[in-house]
Each structure stands twice: as C-alpha cells, then as structure tokens.
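Values in this text are rule-based calculations from the coordinates and carry no lab data. Remember, predicted model here, so these are calculated numbers, not experimental data. Every residue, glycine among them, receives a Cβ derived from its backbone with ideal geometry; neighbour counts consider all protein chains shown.
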DNA sequence: CGGTATTTTGAACTATCTCAACTGGGGTGG
DNA sequence: CCACCCCAGTTGAGATAGTTCAAAATACCG
C-alpha cells in the first residue's frame, strides 16, 4: 500500500508548541540543541493506516513521534502481522544502528513524526554531546517499556491482559471517578498487541463489563465504572490464587507461607517445582511495593 | 536464600584473557579505556544458583557478564518466577539509570561478572567519551535481542518455540553435521524462559525427537540428527500453512500471491481479516530474505 | 440505501495446563 | 554396602482457556 503517502512535509518545525517537547528525548534538549534540531529535522504527517516504514526497507533516518500513535509491527514468515508495541509521543522510531528495518511501522492514528536523516542525526549528536546522555536514557526508557510489556503478558490470562491495558489507558485516574476511555486502535490491532484473537478480545471486553468494572458505550468507547475492580481483574495470575489470597485463609497448616490455598501435598510439590530459591522471595518482595 | 554468596571477589581483573573482550561493550574499549576499566572495576564469581541481585534492591552498580549464564527473573505479584532473558558473556547487567532493580538476577551457571559502582561507571564514561558510543550500541543490541525474543514467542506453538531455541543453541552449524547440545539450564528455567510448563517442555522435547530432528542422549544432552528438520519444526506458524507452502501447490488461481493453499473463500476472509495493508506485504517481504 | 468492513455471538475443537503418579540418579547416614 | 530419601525429569489423564470456523449484527461509506 505504497499508495498512501505523507500528507504534507513541513520544514518550519516549531518545537515550542509540540507535545513531544515535554517527553522523551526532546525534553533533554537545551535551547541551542532544540533550534539545531528544528533546523536539521523535518516533519511528516501520516494519515491513519499509512505505512511509515516497511520491514526490510533501508532505514536511512531516525524519527521522533511528535503526535499520534505508531504501530510497530512484525511480519512473520507465515505472513501474519504481530503488533509488538505502540509508540507514542516522544518515542524514538527507527534503529540508529541498523541499516535495515527489522520491523515495519504504521500510523495507527493520524501521526506526525520529526525525521532526521541518519547522517544528520549522527552529526547532530556529535555537535551536542550533552544530548548523547538524553538519547541514551530515551533508548533505555523504551527498552524498559518493552521489558515491562513482556512481564505484563507473562502469566496473565486474556481478561487480565486486557484489564491491565485498560488500566494503563488512564494514567492519573482516581478510584472514585468514572473516567472514560476511547479505544483508538481497531480490535484487530489491539488484539494483536495483547496477543490474542479478535474474538477473544471481544469476549474479554464483555466479560469485564459483566463483572461490573466497565460499561461499554460504543464499540470504541467505554466508561470505567469501578476502577478498583478493574485493577483487581488485571492483577492476579489465576482466579483461584487471587481469591484464596483475598480471603482470610480457611485454616491451612500455619507456617505454610506458600501463598494461601491449594491442599498440602500439592502445594509442597508445587513450590518445590515452582520456585527454587523460595527463601529469597520474602526478601525480594518488598521491592514490589513501589 | 541470601546464604549463597559470591565466592571470591578479585581485583586483578586481567581483561586480556577474558572471553568478554571479544563481545559487547568490552570490544569497544581501546587500550586506554581497557586499562582504566580493569583498574576501576572488580570481578565477582557466583556459583550456580546464587542470587546476583534481588528485585527491588538498590542497584548501585553496573556489571558486564564475563563468563557464565545469568537468568533475568521477574517475580510477579502472585509469587511466581518468570525467566525473562538469559544474559551471556558481554551482556550488561543492571540498569544504568534506575536506582532500584526491576528484576532479580541469578547465576544459571557458575558466573563471573565485572562490576563498577554506579558512580565510577559514570565517571568512567565521562573520561572516555568514545566509550559512550559503544555503550549505546551495547544497550541497543540488548534491546534488539529482547525484541527478537518477543517476536520469536509470538504465534509459535510450544514445539516451535523449543525447536527454535534449540536451533539458536548452535550458531555456526551446517545442515550435514550432527552437532550436540548440552542443555545447561534446568527444565524449570528453560520452560519458564520459553513460557511453558515443565511438563509441556518435556513433551515437546520428546515430540521433536519422535519427529526425527534430534536424539536425546541424556536429559541434558542431545544430538541434532537433522538440522533441516529442526529448522522446519521451528519455523511455521501452524502446520497446515507450513505444509501448504512446502507442497508444490495443487493449482490455485495464478497471481494469487497469498501464501499458497487454503480454499478460496476461507483465504479471502482470512487475509482480509488477517492483515489490513495487504498490498504492502509483497513490498515488505523481500526484506525478510536477509 | 445497498454494499462492504468491522464487531459480536455461537459452538466445536485443541493446545496447553494441571494434577498426580512414576522413574532413576546421587547423595546420606546407618 | 545398602536402604532410604530427595529431587529433577518423565509420563498419563482429565480439565480448560483460548482458538477456529461460521454466521449474525452492527457500523461505515460512497
């Protein structure tokens, strides 16, 4: 679909009123670097669905997402798409080291990106050494985000993954309020991002509604009626364990530290097979509180 | 299990005969930086199973894996371990930006690590600006490895994931030879890394044997009898498609580029529902050849 | 408005997990 | 040296979450 092309390249990149100015790499720019960046980069706008870069294509530039959402997509040998990540404002797009794109990227919504040719980019970094640091931490941040997304997928059911994703869509929401969420991604993209089928996603969504955490106003629009419940839906590995932990514990052998229920022998086996340095768990866990 | 402690901190870090000298960040050091690094860092050796850093603990140092394998492990709210990654020689361990470890790490085999206190590390980077570049690309490489590992998991069955992992254990093997693999990870760790249960891993292993790709010599030792077959086992999303592509194609409509078989209507629906910018596939795919 | 794309629902199917029991090697202590 | 235990690995059988296929319902669009 190389027919869809950037709408209007514009060269007057005024960074001042750019939302990305607050986030990511751009926020590390001093006045000087900012001007230089604005001068040496150019902006492109992509309409929804437009392909930004194709997998396997030469990667001759580095970009920063100025606005919109970008799907990072991998095409497998079998020919299916998998959405790996959604890049938002401030995220870097394109691998500064690699000559060829490992993944393709596509505008999930109308998107504008500030590009710098690879050459220029390197020059830019040369002439603003302090930026190097910022770049490093931007890269690092994106690395960590990926790590977190892996962690979030692991050992979570489809409903939990979806619930968690929903929770993340409302950064600064309080338990009392009933915030609304507009799902800008298509079902297909969201399903792929959360590693499930469209059908399962749909069912999961309705399941969350049935359990009273949200209310579906339209296919792409919902209200979070009970944030606490939504959080709880996102949290636990599996219902049984979650429920068991939540209850005051029926009366299993005391001193059996092992996360609540599951009859004696089985539990013993499981924790033996389940985690080797069991003792360290207690020590390690305090960290999780943050 | 804080009882297991480093065996012998040694301060004479001779980098010359270090295997990590070839890989990762260390390979970017010039003579000067190398000496400085050796002087300012210290080595620690951990025996198998020893905890290197605990999740939530203060992360006051940065390390480079000199030898051995390190499990990067996350402990979930539910109390289960998930092995996220295996770090090998040359990999960076610890987040240079973060004050607190997001994950815990454990020596999967006897391991030695070169540590630098965070302070020293930053000083080191200051005084060797060229290293910055190397550090950046080391970080970037680890980022990409994580991305690839995500891609490898996505849309692959347990057997395929395992087969793929096996293939990766023999970097420079040719189709003709029958290389051997020593599985140093325990079943539990490997299963967790590949996101499956120990039982499934075991069955998958035997399934691969039954299909004639490998031969199990001992639980932790196997011979790859048919690398081509092993590769094929690792490759395709699902058997049907794989099989269909492998066959000479019964005689579907010509010009129907769409990955071979699957009777008309189904294919149409599927590819319609399966990937939106279908046209781009053809354009994007050439890239996969490399 | 008719046609097409997306979303939703239903029902059968299956890969993987869970639980449970068995095996075999390696150490330990009698 | 043997009996025993313990643990990692293996095998079996049943349960289940999630997929697949198919079709209805709804939204979208010229």
> Can you tell me which residues in the stretch A:188-204 are out of contact with any strand residue (DSSP E or B) (no Cβ under 7 Å at 6 or more places or on another chain) and either within 11 Å of chain B (Cβ to nearest Cβ) or more than 11 Å from DNA strand C (Cβ to nearest atom) (or both)?
Replying inline: A:188, A:191, A:194, A:195, A:196, A:197, A:198, A:199
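Which of the residues spanning the stretch B:207-218 are in a helix (DSSP H, G or I) and either surrounded by fewer than 12 Cβ atoms within 10 Å (Cβ to Cβ) or away from DNA strand C (no atom under 13 Å from the Cβ) (or both)?
If we filter the stretch B:207-218 for residues that are in a helix (DSSP H, G or I), which is where we start, we get B:207-210.
Listed by number, the residues that qualify are B:209, B:210.
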> What do you reckon, is residue B:185 closer than 17 Å to residue B:235 by Cα and either under 13 Å from the mean Cα position of the chain (by Cα) or within 14 Å of chain A (Cβ to nearest Cβ) (or both)?
Replying inline: no
>> Could you go through the stretch B:39-52 and let me know if any residue there is at positive phi and surrounded by 21 or more Cβ atoms within 10 Å (Cβ to Cβ).
In response: no
> Which condition number does residue B:21 fail, the rest of (1) closer than 27 Å to residue B:148 by Cβ; (2) free of Cβ contacts under 8 Å to residues at least 24 places away in the same chain; (3) within 14 Å of chain A (Cβ to nearest Cβ) being met?
Replying inline: (3)
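Filter the stretch A:132-157 down to residues that are within 13 Å of DNA strand C (Cβ to nearest atom) and either outside any helix (DSSP H, G or I) or more than 16 Å from the chain's Cα centre (by Cα) (or both), then give me how many there are.
From the stretch A:132-157, those within 13 Å of DNA strand C (Cβ to nearest atom) are A:153-157; that's our starting set.
Within this subset, residues satisfying the condition of being either outside any helix (DSSP H, G or I) or more than 16 Å from the chain's Cα centre (by Cα) (or both) are A:154-157.
Looking only at that region, the number is 4.
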> Among (1) surrounded by fewer than 19 Cβ atoms within 10 Å (Cβ to Cβ); (2) within 12 Å of another protein chain (Cβ to nearest Cβ), which single condition is residue A:173 missing?
Replying inline: (2)
> For the stretch B:58-78, how many residues are in a loop (DSSP other than H, G, I, E, B), within 11 Å of chain A (Cβ to nearest Cβ) and in contact with a strand residue (DSSP E or B) (Cβ under 7 Å, 6 or more places away or on another chain)?
Replying inline: 2
